[in-house]
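The values are calculated or read from the model by the stated rules, or taken from the named source; none is laboratory data. Note that the structure is a prediction, hence the values are computed from the model and not measured. Neighbour counts are summed over all protein chains in view; Cβ atoms, including those assigned to glycine, are modelled from backbone coordinates with ideal geometry. The accessibility values were calculated without ligands, DNA or RNA, using every heavy atom of the protein model including side chains. Shrake-Rupley method; radii C 1.70, N 1.55, O 1.52, S 1.80 Å.
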Amino acid sequence: MTADAVLLAALADCAAALRRLGRPAMIIGGLAVIARGLPRQTVDIDATIWAEGLGVETILPALAAHGFIPRTADAVSFAQEHHVLLLRHEPTARRSN
């Protein structure tokens, strides 16, 4: 699988997971810059969701259903403290090299 195909597969799963949450969400960061027509090298996906009133404990299963698993030992505590949820797309994690 090419690097482009790996990124597109992860992006498709990310979009599906965000839709599953049923909240406003968007892709941000390098991919958003590329979508605006500016060349940029990136190998990750950054996204944000409107999560007011939605706990991390609810978000994690929705993302896990699409292959996203935590990159930190205690993802819930880390996310609550830093307001970021660090995840890896397991289905494509080993295919990008």
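A few notes on this one:
- Coordinate range of the alpha-carbon atoms in region 43-89 per principal axis, descending: 28, 19, 18 Å.
- Counting every pair of alpha carbons in the chain, the share spaced more than 24 Å apart comes to 21 percent.
- With every protein chain in place and a 1.4 angstrom probe, the accessible-area ranking of THR48, THR72, largest first, reads THR48, THR72.
- The heavy atoms of ILE27 offer some 60 square angstrom of accessible surface to a 1.4 angstrom probe.
- Where chymotrypsin sites (Phe, Trp or Tyr not before Pro) fall in DSSP loop in the chain, at most 14 other Cβ within 10 Å: TRP50
- Mean-position separation - Cα centroids, region 1-46 and region 53-74, in angstrom: 17 Å
- Sites count as exposed loop sites when they are trypsin sites (Lys or Arg not before Pro), lie in a DSSP loop, and have at most 12 other Cβ atoms within 10 angstrom; the longest stretch of the chain without one is 1-35.
- Helix 3-21 and the long axis of the chain differ in direction by around 30°, with both axes built from C-alpha atoms.
- Among the GluC sites (Glu not before Pro) in the chain, those located in a DSSP loop and surrounded by at most 15 other Cβ atoms within 10 Å of their own Cβ are GLU52.
- Residue-averaged 222 nm ellipticity for the chain, from DSSP H runs of 4+ at -39500 (n - 2.57), nearest 500: -13500 deg cm²/dmol
- Relative contact order %, the chain, counting alpha carbon pairs below 8 Å whose residues are six or more apart: 32 percent
- Ordered by 1.4 Å accessible area with all protein chains kept, HIS82, HIS66 run largest first as HIS82, HIS66.
- Label point distance in nm, ARG40-HIS83, each placed 7 Å from Cα along Cα→Cβ: 2.0 nm
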